[in-house]
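Inspection log for the structure reproduced underneath, given as structure tokens.
The values are calculated or read from the model by the stated rules, or taken from the named source; none is laboratory data. As the structure is a computational prediction, the values presented were derived from the model and not from experiment. Note that each Cβ is placed from the backbone with ideal geometry, even for glycine, and that neighbours are counted across all protein chains shown.
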Amino acid sequence: MPSRLELSSRYVDPHCYPHGVAYMDGQYLPMSEARISVLDYGFLHSDATYDVVHVWKGAFFRLDAHIDRFLNGLDKLHMSIPYDTGQIAAILHNCVALSGLQNAYVEFICTRGTSPTFSRDPRRGQSLYRLCHPLWICRQSRPDAARSACRDF
């Protein structure tokens with residue numbers, strides 16, 4: 001902790017992240033660079049929906065069913081995104097391709113977003129879509145090997 005109170009010029013993230021790709025606001029980013037605001041309704045109030053689909057040997061498992069469930073969740077929460085089913089599928093495929101992973105689970109998330117006026121009324125939120133980040137799976141053959149066992153399975 002600093003010896004005197006001061007405002008940092010920028011946030012320095014000390015954490016290590018798995019290899020992967022995020023798609024946020026029309027951009028493909030390394031997982032380590034993806035960020036959400038602390039004022040996001042998804043963060044503040046768990047106002048979000050998501051789904052997770054598996055990729056095995058480069059192929060998605062029942063992708064259409066997962067996208068349908070995700071879109072149904074958006075509808076139930078009265079949220080929308082500017083992508084149709086085909087565009088969502090393309091984004092998810094691109095994230096996996098850019099990550100280089102052949103076996104992963106892929107999580108796609110939409111939050112209510114933030115209000116441009118910082119209103120507490122969630123109807124004023126602008127939906128923020130974070131559609132995908134392929135993650136690897138950690139296999140633990142023994143507890144002390146957990147870190148070295150994390151890899152693309």
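Tabulated values for the structure
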{"quantity": "Filter pass, Arg69 being surrounded by fewer than 18 Cβ atoms within 10 Å (Cβ to Cβ), charged (D, E, K, R) and in a loop (DSSP other than H, G, I, E, B)", "calculated": "no"}
{"quantity": "Hey, Ala22 crowded, with 17+ Cβ neighbours inside 10 Å and in contact with a Pro (Cβ under 9 Å, 6 or more places away or on another chain) or not", "calculated": "yes"}
{"quantity": "All positions within the range 29-49 that are farther than 28 Å from Leu98 by Cβ, in contact with a strand residue (DSSP E or B) (Cβ under 7 Å, 6 or more places away or on another chain) and modelled with pLDDT of 85 or more", "calculated": "Asp47"}
{"quantity": "Total residues in the range 29-49, condition exposed (fewer than 15 other Cβ atoms within 10 Å of the Cβ) and either outside any loop (DSSP other than H, G, I, E, B) or in contact (Cβ under 8 Å) with a residue 12 or more places away in the chain (or both)", "calculated": "6"}
{"quantity": "Any chance Cys110 is within 26 Å of Leu39 (Cα to Cα), in a strand (DSSP E or B) and modelled with pLDDT under 85", "calculated": "no"}
{"quantity": "Output for the range 72-84, where each listed residue is at pLDDT below 95 and either out of contact with any Asp or Glu (no Cβ under 8 Å at 6 or more places or on another chain) or polar (S, T, N, Q) (or both)", "calculated": "Leu74, Asp75, Lys76, His78, Met79, Ser80, Ile81, Pro82, Tyr83, Asp84"}
{"quantity": "Count of residues meeting criterion [surrounded by fewer than 16 Cβ atoms within 10 Å (Cβ to Cβ) and in contact (Cβ under 8 Å) with a residue 12 or more places away in the chain] in the range 84-102", "calculated": "4"}
